[in-house]
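The values are calculated or read from the model by the stated rules, or taken from the named source; none is laboratory data. Keep in mind that what you see is a predicted model, and the values were worked out from it rather than measured. Because the Cβ atoms are built from the backbone with ideal geometry, glycine has one as well, and the counts that use them run over all protein chains shown.
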Amino acid sequence: MNESLRQLRQEGDINFSAARQDWYEQLDTPTREWLSRDAAVFLHQSLSTPCLNMIESCEGIYLTDTNGKQYMDFHGNSVHQVGYRNPYVLEKLREQLEHLPFSPRRYTNKTAVELAEKLVSLLPASLSRVLFAPGGTSAVGMALKLARRITGKQKVVSIQGSFHGASLDAIAVGGEEQFRKYMGQLFPETLFLPQTDTYRNGVAQEIQLIRQLDELLSRHADIGAFIAETIRNTDVQIPSTAYWQQVREICDKHGVLLILDEIPIAFGRTGPLFAFEEYGIEPDILCLGKGLGAGVFPMAAIVTKEEYNIAGDISLGHYTHEKTPLGAAAAMAMIDYTINHQLADKVKADEQFLRQELSLLKEEFALVGDTRGKGLLWAVELVRDPVTKERALDEAEAVMYHCLQQGLSFKVSQGNVLQLCPPLIITREQLKKAILIIRQAFISLDVQ
Ligand SMILES: Cc1ncc(COP(=O)(O)O)c(C=O)c1O
């Protein structure tokens, strides 16, 4: 029972629990009416309907609901690195709107070209070819198509329980049951390596995984690519440098492409602009998205090597909003803002602060089994017993709703992992306030 509930909660907190019902009951009547209208008109799907609340505006690190209540947004679907309605981003978008909001296919435009050049200039010299897409899932789809075209091979290795998007091609290489259930045959076989869990399995698991990957690639000559997140976003799994360097070596040895999905974590979330930089490796294809659109526009991209620019006779993406000037303006503004405001340095300093503050929480509350993170991406993993490490599912949910009441919004992954992912522009005072809210949630729930 516990395990199946956890699987349901792998991607996020569920919306049919008793705690969700209690939360729903305390909302005011007009808000509940809007939620009912939402539920009456939208096609239902898990994790979306019924919704948590109705929001009216956003600014900086805050979402504001229809009653004017503000929530520090420590989730933001990983799009809000430079904060909501960032004035610099909005100014650039207004300028773009005035003269070229859309660029039909077959034409190019200055903003899109400049963004592609900018991305390439920030990446290692080997990554020099760009293709845009209107969302991360589409970028993953393009990466998979390109990998097939390059290698002539169709099979892919992925990580169990990983998420690379919700479409049929993306779920074929993603392992979350929530997305695969009822879907029948997925093209062609994906070979899955077990999910990493550093808290439970330590580096021993990494050594095992590396061996498994090598064996898998030795046994199956028809594998073309290995796809993985450089750092797993949902429950914050941070591989060692040795792990990534060996994976890179193994892929090279077998002529298998390494596709890194940095859709939720690029552009400073974990410190550097691109997470792989700190591992001293380079991917063959890099997938970007989410924050690329500066919290305004759906914008994603793949970046790959010059030698892989060989698909000129087929369509890899061909999306209507491919070279979107508006999306490119948002992305360009996000990148400029991130660099000009030295957010990478700030994030590193915030990382030290959070490491210290969260480890204090761990010392104080037995419920906190593990805290781990990089930059401004952190996990606080709650367990019933620090020895058995049994996941504290109900407790995590209770903490989440308590924090929501106090104006702090975040997601719970794997059923028991509080995932903390604030905008990178957050001030130290705001961070302190958030930690205080979490601490008070632990105290008020009497969980020491
Ligand atoms: C790791 C990862 N890859 C791909 C995607 C898909 O991106 P999108 O929702 O923009 O299609 C997501 C979205 O959550 C993601 O977290």
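Would you be able to tell me the number of residues in region 180-200 that are modelled with pLDDT of 90 or more and more than 30 Å from Val387 (Cα to Cα)?
Of the residues in that region, 2 qualify.
Conditions: (1) in contact (Cβ under 8 Å) with a residue 40 or more places away in the chain; (2) within 14 Å of the ligand (Cβ to nearest atom). Leu260 meets all but one. Number of the miss?
For Leu260, the failing item is (1).
Leu123 - would you say it is within 22 Å of the chain's Cα centre (by Cα), more than 16 Å from the ligand (Cβ to nearest atom) and hydrophobic (A, V, I, L, M, F, W, C)?
So Leu123 passes the test.
If you go through region 235-257 one residue at a time, how many are within 15 Å of the ligand (Cβ to nearest atom), in contact with a Gly (Cβ under 8 Å, 6 or more places away or on another chain) and on the phi < 0 side of the Ramachandran plot?
Qualifying residue count for the region: 1.
Could you tell me which numbered condition Asp370 fails, if it satisfies all but one of (1) assigned by TED's automatic domain parsing to the domain that holds Ala147; (2) farther than 29 Å from Gly141 by Cβ?
Just one mismatch for Asp370, condition (1).
Being within 13 Å of the ligand (Cβ to nearest atom), assigned to a loop (DSSP other than H, G, I, E, B) and either in the same structural domain as Leu115 (by TED's automatic domain parsing) or surrounded by 24 or more Cβ atoms within 10 Å (Cβ to Cβ) (or both) is true for just one of Pro298, Pro272. Which residue is that?
So the residue among Pro298, Pro272 that is within 13 Å of the ligand (Cβ to nearest atom), assigned to a loop (DSSP other than H, G, I, E, B) and either in the same structural domain as Leu115 (by TED's automatic domain parsing) or surrounded by 24 or more Cβ atoms within 10 Å (Cβ to Cβ) (or both) is Pro298.
Give me a count of the residues in region 258-268 that are of a type outside the set (Val, Ile, Thr) and either at positive phi or assigned to a loop (DSSP other than H, G, I, E, B) (or both).
Of the residues in region 258-268, 5 are of a type outside the set (Val, Ile, Thr) and either at positive phi or assigned to a loop (DSSP other than H, G, I, E, B) (or both).
Across region 54-72, what is the total count of residues that are farther than 12 Å from Gly295 by Cα and in contact (Cβ under 8 Å) with a residue 60 or more places away in the chain?
5
State whether one or more residues within region 201-212 are within 16 Å of the ligand (Cβ to nearest atom) and either within 29 Å of Lys389 (Cβ to Cβ) or out of contact with any Phe, Trp or Tyr (no Cβ under 8 Å at 6 or more places or on another chain) (or both).
no
Working carefully through the options Arg200, Arg232, find the one that is under 24 Å from the mean Cα position of the chain (by Cα), surrounded by 14 or more Cβ atoms within 10 Å (Cβ to Cβ) and charged (D, E, K, R).
Arg232
Can you name every one of the strands (runs of 3 or more DSSP E) wholly within region 111-225 that holds 2 or more residues which are assigned by TED's automatic domain parsing to the domain that holds Gly291 and free of Cβ contacts under 8 Å to residues at least 40 places away in the same chain?
Because the criterion is at least 2 residues that are assigned by TED's automatic domain parsing to the domain that holds Gly291 and free of Cβ contacts under 8 Å to residues at least 40 places away in the same chain, the strands (runs of 3 or more DSSP E) in region 111-225 that meet it are 190-193.
Filter region 54-104 down to residues that are crowded, with 20+ Cβ neighbours inside 10 Å and of a type in the set (A, V, I, L, M, F, W, C) and give me whichever is nearest to the ligand (Cβ to nearest atom).
Applying the filter and picking the extreme gives Val79.
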